Amino acid sequence: MSAPWKDVMLEDVVQGPLAARIYHGEGDDKTPPLVLYLHGGAFLDTAAAINRPVAASLAAAGAIVIAADYSSPSQNVFPQVLECAFGLLSCLHSRRAQIGGKKSLLFVAGEEAGGNLAAGVALKARDQMPGALDGQILISPLLDPFMGTKSFGRAEESGMRERWTEGWNRYLGFLGGVCHPYAAPRYCSRLSGLAPALLLTAEDDPLRDESMEYGGLLKKAGVSVHQQVLPAGTGWPTIYGGQSSDQPIWQEEVCQSFKGFVQEMRAQPVCKFRL
């Protein structure tokens, strides 16, 4: 699955000009949804913009997807990386009408480490830009720095255990970030007022349990949540660079799930998500 794209520089970001790849969904929608996409990489990937299959899948649903290089300037260390991602969201919010349309829905999305950042950005948006964010798409978000869930036992076979351990150490550093709700949303005690969430995972995903648990916590806090667990055999671990003997066939599922989520958000009455 592919989508047309172009490379640009985002000039009006607080952290300075940032390289970005913009994927344009096809169709005649005059107000296409805008998606800030935060790539995975276990908090270790600092590569510049490259092909991002998750971003392409979201764009195939008709969205304009902005995949920005948040890693290089922040070195994937909290809180700098969270501030960079939030700065990108603020930029898209202020330029919503120029990039899409005045009525374009604004989403933040990410897989694995990017899913953690997307969840953190959604929390910060609730606190500092209430009503600006229309939804969050969390695809196998990496949420539990203690890595203690039952499904995490699959991390070894997917080849991700050491990488995730190293990544959490890099992300949290020596700043005590594990105690901050924006750094580890799984342990945030105040989840009410967040934008609706779409959570995607799979039965053979090491991150399945923390994804499902976070969805449950959001529901308990009164947040609208749409959860989908794909069956094993879709090559799901490859979504974040993990090993799988199965052919990756998850892109169409991501595309269709996001498309349905957008349709539901558009059908909802206008609502501002406030505390």
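The values are calculated or read from the model by the stated rules, or taken from the named source; none is laboratory data. As the structure is a prediction and not an experimental result, all values here were calculated from the model. Reconstructed Cβ throughout: ideal geometry from the backbone, glycine too, with neighbour counts over all protein chains shown.
Conditions (1) surrounded by fewer than 24 Cβ atoms within 10 Å (Cβ to Cβ); (2) assigned to a strand (DSSP E or B); (3) among the aromatic types (Phe, Trp, Tyr), marked per residue:
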position: Asn51; (1), (2), (3): yes, no, no
position: Asn76; (1), (2), (3): yes, no, no
position: Glu83; (1), (2), (3): yes, no, no
position: Phe86; (1), (2), (3): no, no, yes
position: His93; (1), (2), (3): yes, no, no
position: Ala118; (1), (2), (3): no, no, no
position: Asp127; (1), (2), (3): yes, no, no
position: Ala132; (1), (2), (3): yes, no, no
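When segment 134-154 is filtered for residues that are more than 14 Å from Ser211 (Cβ to Cβ), in contact (Cβ under 8 Å) with a residue 24 or more places away in the chain and not in a strand (DSSP E or B), the ones remaining, listed by number, are Asp134, Pro145, Gly153.
For Ala3, all conditions in the list (1) in a strand (DSSP E or B); (2) touching a residue at least 60 places away in the same chain (Cβ under 8 Å) hold save one; what is the number of the exception? Every listed condition holds for Ala3 apart from (1).
One residue is enough: does segment 11-31 have a residue meeting the conditions part of a strand (DSSP E or B) and in contact with a helix residue (DSSP H, G or I) (Cβ under 6 Å, 6 or more places away or on another chain)? Scanning segment 11-31, I find at least one residue that is part of a strand (DSSP E or B) and in contact with a helix residue (DSSP H, G or I) (Cβ under 6 Å, 6 or more places away or on another chain), so the answer is yes.
Of the numbered criteria (1) more than 23 Å from Ser71 (Cβ to Cβ); (2) in a loop (DSSP other than H, G, I, E, B); (3) not acidic (Asp, Glu), the one Ser158 fails is (1). Being under 15 Å from the mean Cα position of the chain (by Cα), modelled with pLDDT under 95 and within 22 Å of Asp144 (Cβ to Cβ), is that true of even one residue in segment 190-209? No: zero hits.
Is it true that some residue in segment 163-171 is in contact with a strand residue (DSSP E or B) (Cβ under 8 Å, 6 or more places away or on another chain) and among the polar types (S, T, N, Q)? No. Take the residues in segment 199-219 that are more than 19 Å from Gly241 (Cα to Cα) and touching a residue at least 24 places away in the same chain (Cβ under 8 Å), then tell me which one is surrounded by the fewest Cβ atoms within 10 Å (Cβ to Cβ). If we take residues in segment 199-219 being more than 19 Å from Gly241 (Cα to Cα) and touching a residue at least 24 places away in the same chain (Cβ under 8 Å), then Glu213 is surrounded by the fewest Cβ atoms within 10 Å (Cβ to Cβ).
Scanning segment 243-270 for residues that are touching a strand residue (DSSP E or B) at 6+ places or on another chain (Cβ under 9 Å) and not in a helix (DSSP H, G or I) yields a total of 1.
Test Leu82 against the criterion of being over 21 Å from Asn169 (Cα atoms), within 14 Å of the chain's Cα centre (by Cα) and not small (Gly, Ala, Ser), and give yes or no. So Leu82 fails the test. For beta carbons closer than 6 Å, sequence separation of 6+ or different chains, a first residue in segment 175-187 that is at pLDDT 90 or above and a second that is of a type in the set (D, E, K, R) and in a loop (DSSP other than H, G, I, E, B), the qualifying pairs are Arg186/Asp144.
For Pro231, the stated conditions hold: it is touching an Asp or Glu at 6+ places or on another chain (Cβ under 7 Å), surrounded by fewer than 17 Cβ atoms within 10 Å (Cβ to Cβ) and not aromatic (Phe, Trp, Tyr).
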